[in-house]
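The values are calculated or read from the model by the stated rules, or taken from the named source; none is laboratory data. These figures come from a predicted structure and were not determined experimentally. Note that each Cβ is placed from the backbone with ideal geometry, even for glycine, and that neighbours are counted across all protein chains shown. Heavy atoms of the whole protein, side chains included, go into the accessibility calculation; ligands, DNA and RNA do not. Shrake-Rupley method; radii C 1.70, N 1.55, O 1.52, S 1.80 Å.
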Amino acid sequence: MPTASTPLLQTRLVHSGRHGPTVNAPVNRASTILFDTVAELTEAKAKRFDKGTTFYGRFGTPDVFAFEDAVSVLEGGTASLCVPSGLAACVLPLVAFLAPGDHLLVVDSVYEPARTSIEKFIARSGVDVTFYDPRIGAGIAELITPKTRMIYLESPGSLTFEVQDIPAITAVARERGILTMCDNTWATGVFHRPLDLGVDIVVQAATKYVVGHSDAVLGLLTVSDPALHRTLREAANWLGYNVSPDDVYLAARGLRSLSARLRQHHETGLALAHWLETRPGIARVIHPGLASSPDHALWKRDFSGASGLFAVLLDTEEADTAVRFVETLSIFAMGFSWGGYESLVLIGDPAHARSATEWPEKRILVRLHAGLEDAEDLKADLEGALKTAGLDRS
Ligand SMILES: *Cc1c(COP(=O)(O)O)cnc(C)c1O
């Protein structure tokens, strides 16, 4: 039984990062911070990278620091950092820790814009990049060279949903002093704790479930080691990263209901996934929470739940049929991103988003996000569209 001195995560997410007399931290809109004396200004400058010091708007304000403390609770780390977007969070550790000549290993199922950023900027600045099979596990050891400095993980991938054997990879990395980072956007710390599995840096797009309402873009980084936090914080500043206090406010507000919302996304997503497995017109459901998934055992071992994002393979190779299917859906709306309260659909193209592994499947992949609508209405929407598209001829 939890006691008052050891509250469970849901309780801590409601109460953490509350420093002032109001329930919600007031929004600080600030560029200039004022000082009464030169001594105070000089001291603030010397301590400007220490968390909690207000020096200039870009270095953070009390509302941002309070939210970062709550994010550390979410991920089970000691320090967190807000950055302008999820993609900025993915890229920051690479810029902060890699130098020309270093070798970087990146999971082949990585969020596609992160892949583009790595190919366009990180590789071009003299870092040697190798993409690896998401299911490589301890086999990662064979790809490591004396120059390997970092391993980039994302589990599960947000289009193809392979779950990585994180403990197997971090065991190899720790033995060799290689830094690891993991994109935890899909599950968040509510369902998955990469830091507990030996990862050094957790990154996520708060844009998705933390904000939860599709109305702000924000990235988060969390670490256990204060030295890593310091380096990331300095790098964010020297790169000119700045976060909007209004977006941080929305994210802090979203965080309070995160675990309640995720429980519903989990339930609805799995209900739809199980149901879709029985529907004519659906060739396969790709969801690690299904017993039919090759990743199910790892998911059960390392995750305590699933979010609402998964994919199906339609029983067709015809693009027109898939277009008809997604355009007929009316509750599932079409658009990028996910993690908000609304259900979304997108046609995916995994074959073009990987380089180390093949995606031999020709049948068309459609990604679904189960929102907070009633699951029965979502089923009816899917059933109608499968029929209209001619995928379900029953
Ligand atoms: C959306 C997403 C990001 C990027 O987040 P933005 O805030 O849109 O930049 C990074 N990783 C994953 C897995 C995502 O789904």
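Leu153 - would you say it is among the hydrophobic types (A, V, I, L, M, F, W, C), within 24 Å of Arg233 (Cα to Cα) and at pLDDT 95 or above?
Values: among the hydrophobic types (A, V, I, L, M, F, W, C): yes; within 24 Å of Arg233 (Cα to Cα): yes; at pLDDT 95 or above: yes.
Spelling it out, Leu153 is indeed among the hydrophobic types (A, V, I, L, M, F, W, C), within 24 Å of Arg233 (Cα to Cα) and at pLDDT 95 or above.
Any residue that is more than 21 Å from Asp315 (Cα to Cα), within 15 Å of the ligand (Cβ to nearest atom) and outside any helix (DSSP H, G or I) - is there at least one of those in the stretch 243-254? Before you say what the answer is, go through the steps one by one.
Here is the first cut: in the stretch 243-254, the residues more than 21 Å from Asp315 (Cα to Cα) are 243-254.
Remaining after also requiring within 15 Å of the ligand (Cβ to nearest atom): 243-244, 247-248, 250-251, 254.
So of that shortlist, the ones also outside any helix (DSSP H, G or I) come out as 243-244.
Yes; the residues of the stretch 243-254 include at least one that is more than 21 Å from Asp315 (Cα to Cα), within 15 Å of the ligand (Cβ to nearest atom) and outside any helix (DSSP H, G or I).
Buried (at least 21 other Cβ atoms within 10 Å of the Cβ) and closer than 25 Å to Ala236 by Cβ: does that describe Val211? Spell out how you get there, then give the answer.
Numbers: buried (at least 21 other Cβ atoms within 10 Å of the Cβ): yes; closer than 25 Å to Ala236 by Cβ: yes.
Spelling it out, Val211 is indeed buried (at least 21 other Cβ atoms within 10 Å of the Cβ) and closer than 25 Å to Ala236 by Cβ.
It is to be established whether one or more residues within the stretch 40-60 are more than 30 Å from Arg115 (Cβ to Cβ), aliphatic (A, V, I, L, M) and open to solvent by 40 Å² or more (accessible area, probe 1.4 Å).
yes
Kindly indicate which of Gly101, Gly137 is open to solvent by less than 30 Å² (accessible area, probe 1.4 Å) and more than 22 Å from Phe336 (Cα to Cα). First the steps, then the outcome.
Numbers: Gly101 fails: open to solvent by less than 30 Å² (accessible area, probe 1.4 Å).
Result of the check over Gly101, Gly137: Gly137.
Please specify each residue of the stretch 223-241 satisfying the condition of being surrounded by fewer than 17 Cβ atoms within 10 Å (Cβ to Cβ) and either within 16 Å of the ligand (Cβ to nearest atom) or in a loop (DSSP other than H, G, I, E, B) (or both).
Within the stretch 223-241, Asp225, Leu239, Gly240 qualify.
Only one residue in Leu220, Leu272 is at pLDDT 95 or above, open to solvent by less than 10 Å² (accessible area, probe 1.4 Å) and assigned to a helix (DSSP H, G or I). Which one? Step through it out loud before you land on a result.
Working: Leu220 fails: assigned to a helix (DSSP H, G or I).
Matching residue, one of Leu220, Leu272: Leu272.
Of everything in the stretch 61-70, what is closer than 21 Å to Tyr209 by Cα and either within 16 Å of the ligand (Cβ to nearest atom) or open to solvent by 30 Å² or more (accessible area, probe 1.4 Å) (or both)? Give them in sequence order. Don't jump to the end; show me each part of the working.
Filtering the stretch 61-70 down to residues closer than 21 Å to Tyr209 by Cα leaves 63-70.
Selection gives Phe67, Asp69.
Kindly indicate the residue of the stretch 71-117 that is of a type in the set (D, E, K, R) and assigned to a helix (DSSP H, G or I) and also farthest from the ligand (Cβ to nearest atom) among those meeting that condition. Walk me through it before giving the result.
So in the stretch 71-117, the residues of a type in the set (D, E, K, R) come out as 75, 102, 108, 112, 115.
Add one more test, that the residue is assigned to a helix (DSSP H, G or I), and what stays is 75, 112, 115.
On the way: Glu75: 15, Glu112: 9, Arg115: 11 Å.
Within the stretch 71-117, the match that is farthest from the ligand (Cβ to nearest atom) is Glu75.
Name the single residue that is nearest to the ligand (Cβ to nearest atom) among those in the stretch 150-178 being in contact (Cβ under 8 Å) with a residue 40 or more places away in the chain and out of contact with any helix residue (DSSP H, G or I) (no Cβ under 7 Å at 6 or more places or on another chain).
It comes out as Ser158.
Go over the candidates Val83, Val110 one by one and state the one that is buried (at least 19 other Cβ atoms within 10 Å of the Cβ), of a type in the set (A, V, I, L, M), in contact (Cβ under 8 Å) with a residue 60 or more places away in the chain and touching a Cys at 6+ places or on another chain (Cβ under 9 Å). Show your work before the answer.
Details: Val83 fails: touching a Cys at 6+ places or on another chain (Cβ under 9 Å).
Answer to the check: Val110.
Report the residue count in the stretch 179-208 for those that are open to solvent by 10 Å² or more (accessible area, probe 1.4 Å), in a loop (DSSP other than H, G, I, E, B) and more than 13 Å from the ligand (Cβ to nearest atom).
Here the count works out to 3.
Can you find even one residue in the stretch 14-34 that is open to solvent by 70 Å² or more (accessible area, probe 1.4 Å), outside any loop (DSSP other than H, G, I, E, B) and either free of Cβ contacts under 8 Å to residues at least 40 places away in the same chain or in the same structural domain as Gly305 (by TED's automatic domain parsing) (or both)?
Yes - at least one qualifying residue is present in the stretch 14-34.
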